[in-house]
Amino acid sequence: MTDYYRNKIHHDEIIATFDDILIVPGYTNFNPSEVAIKSKLGKYDFNLPIISAAMDTVTEIEMAIKMALFGGLGVIHRNCSYEKQLEMVRIVKRARSFVIDDVATISPNDPIAKAKYMMENYNISGLVVINDTKKVCGILTKRDIPFTEDHLKKGTVKEFMTKQVISISPGASREDALNRLFESRKEKLPIIDEKGFLRGLITKKDLAPEFPFASIDEDGHLVCGLALSPKFPETIQAQSMLKEIDKYVDIFFIDVADFYKKADIEGTIKLMNLLESEFVLGNIGTYEAAEHLISKCDFNAEKFIGLKVGMGSGSICTTSIQTGVGAPTLYATAQVADAITDYNPKISLVADGGFKNPGDLPKAFTAGADFIMSGHFFAGCTESPGYIDTIQGRKVKVYRGMGSKEARTSGYVSDRYTEGSKVLPEGVSDYVPFVGDLSGVIASLREGLMNSMIYAGAKNIQAMKKAKIGIVSPVGQRETRIHDLIGAQWRI
Ligand code: IMP
């Protein structure tokens, strides 16, 4: 009598996700101030084990800079040309922590109401005023906006702006800027070159405090991640463009939905031979895939620094719905962590997607992750690409899966999913609430993680990997959420 199919359905393998488990409290024999959340990826120690996802509504220049300043990493997406990628990584690498490169500007003849709208909706406290020849002619801060309706209706920027602009030259040091701001008692310092053109903006808020936990390379520049297709570019021009990009990137993230494929592995081996920087490969979801990649493939051992895991549990992901296949992030993490322990403990594990609450992060670490990657937490931040919209009185931003119809029509990410697949989207495009600056989101995530480690009795990430977990029954899952209240909803 055969039992092949019955065993297949009734087998012991449970695909557990974040809500299925809780971390069991442990003995804490240290002070809260001693908790350390440092984690290693290749040659870098990151002070924040958090990475922003390689998605076109999550990580471009601003997000990559801020993530690195806070001690984590931003991975710039690949839904664009190599030229655009080069432009973005160059800016991230050249960014100084206290200089804003992408300054909000306005014309002196614009209505003052426009300035008010920009300040309120884009969370900006000041605008640099630029004339028709693109030279700086004034500065307008929130304090300059008039209160009276009449002024607001009829006034123009030039009537209210400060014309005597206190500025600083390009290349000024942090100390020069601090002195200038103190002498002038100003909050903002446009950087203006000798011809009168705007080169950036320094704000008091960004100067003090500095970013002591920033992820920086040997030369003091911010660490930069970039997503790549595993396909090896055919033309010499494309290859030399990639080599140019390589100069500004520290870690490449091979970015496909399912990396456990012969063609992707072969393409990546060639990319690793062409480029100097380190590589994280993904995504995968099983022990067997990790075992194969670590022990049976010919990757350059020094450059192969990490595996990214999780399939089908992203908030915008419809892969599991459309194909019935999935390895949700918690499950994938535990699977791959075992293979890493067995075959090469130097490889770091990035748990990617599916995080809904700060408490999901520590769960991934207990399952063996070294880093977590999220798009969902960051898509609604000021620093993500795209504008703030309003829907039914709520401020929102667009967040879209790279497998959504909208993202795939660009053509650059069509090879992220099944090659040749044209009609089946594996992601959706929707809105997330606007949540303000990244700093607030990072503060919640960091605190959730650290408090979890204190409860679990784990002083660092390695100790957290040893924390015990328990499976929560469906009844227990209800009890661990907010319950029996009128209308309470929880979100970060
Ligand atoms: P989230 O933070 O839960 O929204 O998940 C983000 C992760 O989902 C990304 O880092 C990608 O690995 C993955 N992802 C991005 N776009 C798509 C998609 O369209 N379909 C499936 N997975 C996606």
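FYI, it's all coordinate maths here, none of it is from the lab. Bear in mind the structure is a predicted one, so any value in this text is a computation, not a measurement. All Cβ positions, even for glycine, are placed from backbone atoms using ideal geometry, and neighbour counts span all protein chains on display.
Miscellaneous remarks
- At most 12 other Cβ within 10 Å, DSSP loop - GluC sites (Glu not before Pro), segment 252-305: Glu276, Glu302
- DSSP bridge orientation in segment 105-207 - percent antiparallel, rounded to nearest 5: 80
- Scalar couplings 3J(HN,Hα) for segment 187-198, obtained by applying the Karplus form with A = 6.51, B = -1.76, C = 1.60 to θ = phi - 60°, are 9, 10, 10, x, 9, 10, 7, 5, 8, x, 8, 6 Hz; x denotes Gly and Pro.
- Share of Cα-Cα pairs in segment 105-207 lying beyond 16 Å, as whole percent: 56
- Whole-Å distance, taken between Cα centres, linking segment 34-110 and segment 269-327: 22
- The HN-Hα couplings worked out from phi for segment 423-429 by the Karplus form 6.51 cos²θ - 1.76 cosθ + 1.60 (θ = phi - 60°) are 9, 9, x, 10, x, 10, 10 Hz, whole numbers, x standing for Gly and Pro.
- Folded to 0 to 90 degrees: helix 82-94 orientation relative to the chain principal axis, Cα: 70
- Angle between the chain longest axis and helix 112-121 axis [Cα atoms, degrees, rounded to 10]: 20
- Within segment 388-477, the trypsin sites (Lys or Arg not before Pro) that combine a DSSP coil assignment with at most 15 other C-beta atoms in a 10 angstrom radius are Lys422, Lys466, Lys468.
- Once exposed loop chymotrypsin sites (Phe, Trp or Tyr not before Pro) are cut out (DSSP; at most 10 other Cβ, 10 Å), longest piece of the chain: 148-386
- Helix axis angle, 236-246 relative to the chain longest principal axis, alpha carbon, degrees: 80
- Sparse packing (at most 13 other Cβ atoms within 10 Å of the Cβ) combined with a DSSP loop state is found for the following trypsin sites (Lys or Arg not before Pro) in segment 43-131: Lys43.
- For Gly74, the residues whose modelled amide H falls within less than 5 Å of its own, excluding neighbours fewer than 5 places apart on the same chain, are Ser52, Ala68, Gly225.
- Per residue of the chain, the DSSP helices (runs of n ≥ 4 H) give a summed -39500 (n - 2.57) that works out to -9000 deg cm²/dmol at 222 nm.
- Segment 47-108: C-alpha gyration tensor shape, a/c 1.5 cut-off, then a/b vs b/c: oblate
- Remark on Met311: its backbone amide H falls under 5 Å from those of Ala327, Thr329, a criterion applied only to residues 5 or more positions apart or on other chains, H modelled at 1.01 Å from N.
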